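The values are calculated or read from the model by the stated rules, or taken from the named source; none is laboratory data. Just so it is clear, the model here is predicted, and its values are computed rather than measured. Using ideal geometry, Cβ is built from the backbone for each residue, glycine included, and neighbour counts are taken over all protein chains shown. Surface accessibility is based on the protein's heavy atoms, side chains included, excluding ligands, DNA and RNA. Shrake-Rupley method; radii C 1.70, N 1.55, O 1.52, S 1.80 Å.
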Amino acid sequence: MSLNILVASGKGGTGKTVFSSSLALELSKIMDVVAVDADVDTPNLHLMLGARFEEKEEVYLEKAFAKENAEGCNCPFGAIKRIGNKWVVDQSLCEGCGFCEEFCDGYYLRKIASGYVAVGRTRYGFPIVSGFLNPGFSGSGEIVDKTIKKAMNFGENLIIDAAAGIGCPVISAFKYVDVVIFVLEPTKQSKLAFQRMKKLAEHFEVPWHVVLNKYNLNPRIRFPRVIARIPHSYKVISAVSELIPPSELDTKFRDVVLRTIDLLISSK
Ligand code: SF4
């Protein structure tokens, strides 16, 4: 049975993608894995893993458009506005619910590409599936859903790099995971983000653990269920700037990743 691991943080900049890349790399040495980038607003796992994409599938959303003769319409999302003497649809607010097409004159729905899912191989040989949201579009949850479903077709263990925050793209990913690793840093901002993420994990009844990054920079801030602590290291910074998973260059970092893998496998 495959294991789907979500790597999340609740906020950006804690080292989530850096940890995900090393987790995928080290796990790929002992079992079949697929790296999944579900951070569709700012996907960059493919950069760390040196991906070459071979296939691309567009993801479409329905959006409303106003005709020349469109009249006012009580859009439940406030997307229909009057500009001068014309009624127009603000695409960034339109949720594609279809109300205007059904009940008001002069509106129609059309499918437009909101992003895409790309499939390829990393420089290490294992597959990667990444979701990309087109700039200015909504519907990130839909792209995450399609990205993870596509990755599940491989029938292998998934390492899913989540988006920051607790919104739609993160909730979409939670549906498919067996365990969550929260990559946190010893700051008050990270603690606040963690408290919000923890509620999400508890809501979905997904077991979670904490990996504490740069723990030695502020030992006064503590977290529960810490399974591994990563010390601050200039080797990690060098690896990241060279777009290499740090477990390749830093033995302490690799030890943390291997300890995390041991725990995940033993609790499977
Ligand atoms: S499809 Fe729904 S959300 Fe979009 S403009 Fe029409 S009523 Fe508003």
Where both residues lie in segment 82-211, what percent of DSSP beta bridges are antiparallel, nearest 5?
-> 70 percent
Please list, in chain and number order, the residues 5+ apart from Asn213 or on another chain whose amide H is under 5 Å from its amide H, with Hs placed from the backbone.
-> Leu184, Glu185, Ile230
Quick one: if the Förster radius is 30 Å, what FRET efficiency do Ser267 and Glu95 give, using the C-beta to C-beta distance and rounding to 0.05?
-> 0.15
Sorted list, accessible surface of protein heavy atoms, 1.4 Å probe, largest first, for Ile128, Ile171, Ile112, Ile30 is Ile30, Ile171, Ile112, Ile128
For Asn153 and Asn216, compute 0.36 nm times the residue count separating them, minus their Cα-Cα distance, and round to one decimal in nm.
-> 18.6 nm
Just subtract the alpha-carbon distance of Arg52 and Ile112 from 0.36 nm times their residue separation and send over the number in nm, one decimal.
-> 19.0 nm
Which whole-Hz couplings ³J(HN,Hα) result when phi for each residue of segment 31-46 is put into the Karplus expression 6.51 cos²θ - 1.76 cosθ + 1.60, θ = phi - 60°, listed in order with x for Gly and Pro?
-> 7, 6, 9, 10, 7, 10, 9, 9, 8, 6, 6, 9, x, 8, 4, 4
Please list, or write none, the lysines whose alpha carbon is within less than 23 Å of the alpha carbon of Lys175, excluding same-chain residues fewer than 8 places away.
-> Lys11, Lys16, Lys146, Lys149, Lys150, Lys198, Lys199, Lys268
Among Trp87, Val236, Ser2 the positive-end extreme of the charge dipole of the chain (Cβ point charges) = Val236
At R0 = 41 Å, FRET efficiency that the Cβ-Cβ distance of Arg259 and Phe204 yields, to 0.05 | 0.95
Degrees between helix 140-152 axis and first principal axis of the chain (Cα, 0 to 90, nearest 10) | 50 degrees
Putting +1 on Lys and Arg Cβ atoms and -1 on Asp and Glu Cβ atoms, find which of Val257, Asn218, Gly155 reaches farthest to the positive end of the dipole of the chain.
-> Asn218
Within the chain, the percent of DSSP beta bridges that are antiparallel, given to the nearest 5, stands at 50 percent
Pop the C-beta distance of Leu243 and Val88 into the FRET formula with R0 = 35 Å and round what comes out to the nearest 0.05.
-> 0.25
